[in-house]
Each structure stands twice: as structure tokens, then as C-alpha cells.
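Visitor: One structure, as C-alpha cells, below. Some questions next.
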Amino acid sequence: MPIDIDIAKVARLARLALSDEELDLYRAQCEVVLEHAALVQALPTEGVEPTSHPLRRTNAFREDVVTECLDTEEVLAQAPDRDGNYFRVPPILEEP
Amino acid sequence: MKFEPVIGIETHVELTTASKMFCGCPVEFGAPPNTNVCPVCLGLPGALPVVNHTAVEYAMKIGLGLQCEIAPHSVFSRKNYFYPDMPKNYQISQYDLPLCIDGYIDIETDEGSARVGITRVHMEEDTGKSTHLGAGGRIGAGSQTLLDFNRAGVPLMEIVSEPDLRSAVQARAYAEEVRGVVKRLGVSDVKLEEGSMRFDANISLRPEGASTFGTKVEVKNMNSLRSVQRALEYEIKRQAAVLEAGEEVVQETRHWNEEDGTTAAMRSKEEAFDYRYFPEPDLVPIAVDEAWRSEVASGLPELPAQARERYRAQGLEPTTAGLLSREVDLGRVFEDAVGAGADARTVANWLTGEVTAWLRKESLLLPDSHLDGAALAELEAMVGAGDLSATAAKDVLGGVLSGEGRPAEVAESRDLIQVSDSASLEPAVDAVLAANSDAFEKLKSGDHKVMGFLIGQVMRSTGGKADPAAVTRIINERAG
């Protein structure tokens, strides 16, 4: 069953600048994936418990105990840019 | 046309766990930037989150405190967005299967009482803190942004109300009540000014009597309970004006500006947000069985609604009882004082009046002051015995709060002890009666209007230290 996908929107959401050729290539590939998902979705699932994780485990917790943090100098040494103890990044115009 | 506001509130609460939601970095306000960070909260490749057990229990407490059901099965999801305050490029949150659902709280205002539905309470992680720098390092519309990830990963609860609120006053009462519940639960320090509790509102207007909703606007940046009310009052007027002009309200996010008392639209994206939620593959689901639920439920403290009822039964006014029930520190001192034999109403009025005003002025919390229940009871006993006037008692209260000593010591050192024994007062009364013989004659002939004047003269001549009741008694004796 054919599925339409707005591949340009997907690219925008992922902040990917794709050429028209690339958009066509990925559209075709994504459509195959979505068609497969549609097949799975069409299966009768009444009485089947939804799976939210492949492991059949729940409640993997840690105790509320403070552990050692990284050294700030070491952390900031990995950053493309810094200002004192801060990471420095290009300006942000919008709130999330 | 008359419009009815429809308001729902989202509340974010930072928990006071020792460590973050998914890693062992400390939760701490005001640490030097980027000192409380590790591979997990910095989103370094290969690092894996593990859920903080205490944070889940705190979240359950909030849910139970808001009369929610605890979901037997709940799941973490990824909320994807491009914004540098989360180094992972997503926030771990809950989406379709939150931990707590379907609760309520009751609020009481001058407009009456109302039940406000709680849609859900879910767990997530807080973001890092960004500071926007402009040209020359100026904070403002920026040329660069500085990031501190100490806050990234701090356990954050989101409490979502139903759109049940119908006025700005109700919205504030709701915010106060939620804050009171969380405070009593002891799972957050609920400091609005430090951002450990934050309120956002969704508000729309509709013609009175209509059952459909109008276009809603999200209002952010309300940093105090007062600004919740002010921002919504402003927004109601603004939207009413738009609608009355025959125009349409634009669906957008608006920022409250405390200084000029207005809301303004934030720059919005051309495209609606699409967070592309999906189940977090790094975390297994949370299963809460009845045993765990009831264990947490049995550890819940008394909630504001229950305390309020007890205080009302002790004869307190609704507003006073409400304040003492939400401000748990005040409530404790109140109960200690009443337990020590003090009159409930007198003590409650001091606590919600002078004491609250003093704490606000000094920017202190009650435990930082020197006041306790025993001191309040002692003070109240002094007033009851006629040793202190009501006015002097307030003076003494200030001294006790600032650590000058017990009430008796403060009254002594500030020379406020009231004179009520006849032997000490009679000479002063006689002198006043002699100096004001006209008034005294009027009194004797039955004109009681001059009584106040005569008492005032005695108060003046004794420097305000005479007990007015004793003075009245002596004057009446003299008048025969």
C-alpha cells in the first residue's frame, strides 16, 4: 500500500539541508519503512499487551546517591568554544 | 459581549532529591557553572541514564497529594528538539503513559469554592540554563549564548490542570494550593524566585454560556503568585479587546513582563513544534503495584485541605486557615502555640499579619527567625494578663523575631510592660482628672462621650504604658 511522506518536512525537523535528488532518494527509502510499519499496524492486536521496551523488565532504579562529577576543565576542553566556566554557542532566537 | 475566561495551568516542580533524575550528579542551586555534570547529563556518546528511585517516590507523593491515580504501568519518552539547553538534543519525559493521572484539588476564593481537575503529573528532567549575551557582553537579544548544564537532568515534575479555572483569582488560588501541597509533601523547596517552581498558563475567552473553547494563548514567565494573577488579568482584558474589535486571537506563546505589566508575543517558528515523541529505549517501564502505592500513600503527611479543616474548627477565618495550611512553617508554630495554651485566633492573626510582613521585609523564612510556638504562647499570655497592650505586643513580636530574647525579656528591655495595678495608676488618673475638671464634671453628669478623652490623657501622661481597662475602672470609681 503506497504511503505519502512529506520528506522535506522531515528533513527540516532534523535540520538537514538536502538536495532535490537526496529528497527523492530518502523519500523512496522512508516510504518502504513506513509501508512495512503499516503492515505491522494492520495486524489484529486485540488482547496483546503494548510493548514499550524489548526487554521484559521493569523498575531498573538507582538509589538517590551523589556520585563524582567530571572535572569542569576536562569537560570544557571538549567544547568548540567556551567563556569562563560556560559553554559558548551561537545565539538562540527562539525558546523551545 | 461578556466573555468567560477558560484557564488551565502547567506547573513545573524541581524535586529536592540529592542527585539528578538519571545520574548521580548533585542537585544544588547556585554551584559554579558546569561543575555538577557527568557523561549522562552532558549527553556524551554511550552514557546511559538510570532512574532515581527517590525521584519516582516523590513524584508518586505529588500525584497522591493531588488525589491522582498512580498508573500501574508508565513509560519514559524522548521529546526531540533542537535547542542547546539539552545536550542530548532531546529531553527524557513522559508522554502517553504518565505516572499519575486524573486527580483534583479544591480551591476557595472570594468567588466561592471550586474543584480543579488535575489531568496528569509526569516525570521529566530539567534543562540547562542559557544566558543570552548581546554585543559587548550585554544580556539581551543576543550575539551569543552561554550554557550551564548544572540544572540539566534535575528531576522535574510537570503538573497539568484541566481547563477548569474561570478567573485570574482562581488561577492564583490554584497556584497557591498546588504550591502548598508540594511544600507540605516536602519534596521540593517550591521557590518561585529561584525557579524551582514555575507556572505557565493556557488561557482563552469564550462568550459567556458557550460550551466550545476559544483560541488559546500560552502565557509564560510568571515568576510569583502575584504575577500569575496580574498576567492573567492583563491577558483577559487584552483578548476581550481583540474579540470586541471583531478580530481573532492569535494562537501563540506570550511572555509576561513584570515591569510594564503586559504580555508580549515571543518570536515564533513558522512551523508548529513536532517533538516526535517515542518511547525511551534506554529506560525500561515503571511498574507500581498496590503494595508500593500504599506504602508511599501511608507515608504522606497531612495535606493543606485537611489542615485547613482543623484550623477552621478552631475558629479561624477561611483566609487565615488557608494561609496557615499552605505555609507549613507558620502552621507548625501556630499549632505549637495553641498546644501551649494560646488563643488560636490571636496567634493566627499575628502569624498571618505581623510575622508574615516581617519575614517578607527581611526576606527570611520562619525557621530563620527566633520565633517559636512557646514564645507566641508566652506573648499571648502576657496580653491576656494585662501586662501588654495589643499594640505593645506587636512591638514585642518584632523584637522576638529578630532575636532580642523571649517576650518577657523584650517587653522589659523595650520598657513596654503595661501598668495595671491601681496603686501605681491612681496618682496618674487623679492628676488627669484634676487638670481636666470640666470633662470630669461632664462624665459625672452622665456624659460618657468624654471617657475616651480622659483615658487618652492618662495614656499620654504614662507614656502609653497604662492598662486602658484599669484606667477606665479607676475613673469610673472616682466618678462614683
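Visitor: Explain nothing, just compute: Karplus ³J(HN,Hα) = 6.51 cos²θ - 1.76 cosθ + 1.60, θ = phi - 60°, for every residue of the stretch B:91-102 in order, whole Hz, x for Gly and Pro.
Guide: 10, 7, 9, 10, 10, 8, 10, x, 5, 10, 9, 6
Visitor: Let me ask something else about it. Take the alpha carbon atoms of the stretch B:425-480, find their center, do the same for the stretch A:28-96, and report the distance between the two centers in whole angstrom.
Guide: Here the two parts' Cα centres lie 82 Å apart.
Visitor: Related question: Can you grab the distance from the C-alpha centre of the stretch B:243-320 to the C-alpha centre of the stretch B:102-125, Å, no decimals?
Guide: Their Cα centres are 8 Å away from one another.
Visitor: Additional query: Calculate, axis by axis, the spread of Cα positions in the stretch B:302-413 along the three principal axes, and write the results as whole Å, longest axis first.
Guide: Rounded to whole Å, the extents work out to 41, 31, 19 Å.
Visitor: Right, next: Over chain B, what is the relative contact order in whole percent, taking alpha-carbon pairs under 8 Å and six or more residues apart?
Guide: With pairs under 8 Å counted, the relative contact order is 14 percent.
Visitor: Tell me, what ³J(HN,Hα) does each residue in the stretch B:383-388 have, in order and in whole Hz, if you take phi through Karplus 6.51 cos²θ - 1.76 cosθ + 1.60 with θ = phi - 60° and put x for Gly and Pro?
Guide: Here the 3J(HN,Hα) series is 5, x, 7, x, 7, 9 Hz.
Visitor: Taking 1 over the mean of 1/r across every pair of different Cα atoms in the stretch A:1-44, what Kirkwood radius in Å do you get?
Guide: About 11.2 Å for the stretch A:1-44.
Visitor: With θ taken as phi - 60° and the coefficients 6.51, -1.76 and 1.60, list the Karplus ³J(HN,Hα) couplings across the stretch B:62-72 in order, rounded to whole Hz; mark glycine and proline as x.
Guide: Ordered by residue, 3J(HN,Hα) equals 4, x, 5, x, 9, 6, 7, 7, 9, 5, x Hz.
Visitor: Here's another thing I want to ask about it. Which number comes out as Rg/Rh for the stretch B:24-124 once both Rg and the Kirkwood Rh are worked out on C-alpha atoms?
Guide: Checking Rg against Rh, the ratio lands at 1.07.
Visitor: Follow-up question, since we're still on this one. What does the charge count around B:Ala408 come to, taking other residues whose C-beta lies under 12 Å from its C-beta (Lys +1, Arg +1, Asp -1, Glu -1)?
Guide: After counting each charged neighbour, the total is -3.
Visitor: I've got another one for you. Determine the distance separating the Cα centre of the stretch B:324-384 from the Cα centre of the stretch B:226-240; give it in Å without decimals.
Guide: The two parts, judged by their Cα centres, are 34 Å apart.
Visitor: I've got another one for you. So in chain B, which Cys have no other cysteine's beta-carbon sitting under 4.7 angstrom from theirs?
Guide: Cysteines lacking a close Cβ partner in chain B: B:Cys23, B:Cys25, B:Cys38, B:Cys41.
Visitor: Now for a different question. Give or take rounding to whole Å, what are the principal axis extents of the alpha carbon atoms in the stretch B:207-324, in descending order?
Guide: Extents along the principal axes, in whole Å: 53, 53, 35.
Visitor: Taking 4 °C and 1.567 mPa s as the conditions, I'd like the Stokes-Einstein D for the stretch B:327-388 in µm²/s, using the Kirkwood hydrodynamic radius from alpha carbon pairs.
Guide: Answer, rounded: 112 µm²/s.
Visitor: Follow-up question, since we're still on this one. Find, to one decimal place in angstroms, the Kirkwood hydrodynamic radius of the stretch B:259-330, where the mean of 1/r is taken over every pair of different Cα atoms and then inverted.
Guide: One over the average 1/r among Cα pairs gives 18.0 Å for the stretch B:259-330.
Visitor: Let me ask something additional. Where in the stretch B:162-189 is the amide nitrogen less than 14 Å from a point lying 7 Å along the Cα-to-Cβ axis of B:Glu244?
Guide: Answer for this model: none.
Visitor: Continuing with this model, one more query. How large is the convex hull of the Cα atoms of the stretch B:165-229 per residue, expressed in Å³ as a whole number?
Guide: Once divided by residue count, the hull of the stretch B:165-229 is 90 Å³.
Visitor: Mind checking B:21-28 for the average number of partner chain beta-carbons within 10 Å of each residue's beta-carbon?
Guide: What the average comes to for B:21-28 is 3.
Visitor: If the cut-off is a Cα-Cα distance under 26 Å, which lysines reach B:Lys20, setting aside same-chain residues fewer than 8 apart in sequence?
Guide: Those lysines meeting the cut-off are B:Lys61, B:Lys79, B:Lys88, B:Lys129, B:Lys183, B:Lys191, B:Lys220.
Visitor: In deg cm²/dmol and to the nearest 500, what is the mean residue ellipticity at 222 nm of chain B if only DSSP H runs of at least 4 residues count, each as -39500 (n - 2.57), divided by the residue total?
Guide: Calculated from helices alone, the mean residue ellipticity at 222 nm is -11500 deg cm²/dmol.
Visitor: Give me the Å³ per residue figure for the convex hull around the C-alpha atoms of the protein assembly as shown.
Guide: Residue-normalised Cα hull volume stands at 248 Å³.
Visitor: Using the alpha carbons of chain A, what is the convex hull volume per residue in cubic angstrom, as a whole number?
Guide: 248
Visitor: If only Cα atoms are counted, what is the Rg of chain B, and what is its Dmax, in Å?
Guide: When restricted to Cα atoms, chain B yields Rg and Dmax of 29.0, 98 Å.
Visitor: Let me ask something else about it. Taking 8 Å as the Cα distance limit and 6 or more residues as the minimum spacing, I'd like the relative contact order of the stretch B:161-290 as a percentage.
Guide: The value is 19 percent.
Visitor: Kindly put B:Leu99, B:Leu366 in sequence by how many other C-beta atoms sit within 10 Å of each C-beta, fewest to most.
Guide: Neighbour counts put them in this order, fewest first: B:Leu366, B:Leu99.
Visitor: Is there a quick way to get the dipole size of the protein assembly as shown? I mean about its Cα centre, with the Cβ of Lys and Arg at +1 and of Asp and Glu at -1; what is the value in debye to the nearest 20?
Guide: 800
Visitor: Summing +1 for each Lys or Arg and -1 for each Asp or Glu, what net charge is found among the other residues whose Cβ lies under 15 Å from the Cβ of B:Ile70?
Guide: -3
Visitor: Can you say what percent of the DSSP beta bridges in the protein assembly as shown, counting only those with both residues inside, are antiparallel? Round to 5.
Guide: 90
Visitor: Debye calculation, C-alpha points only, no solvent: report log10 I(q)/I(0) for the stretch B:422-479 at q = 0.22 Å⁻¹, in the same order as the q values.
Guide: These q points yield log10 I(q)/I(0) values of -0.75.
No lab work stands behind these numbers, since they all come straight from the coordinates. Just so it is clear, the model here is predicted, and its values are computed rather than measured. A quick note on method: Cβ atoms are made from the backbone with ideal geometry, for glycine too, and the neighbour counts reach across all protein chains shown.
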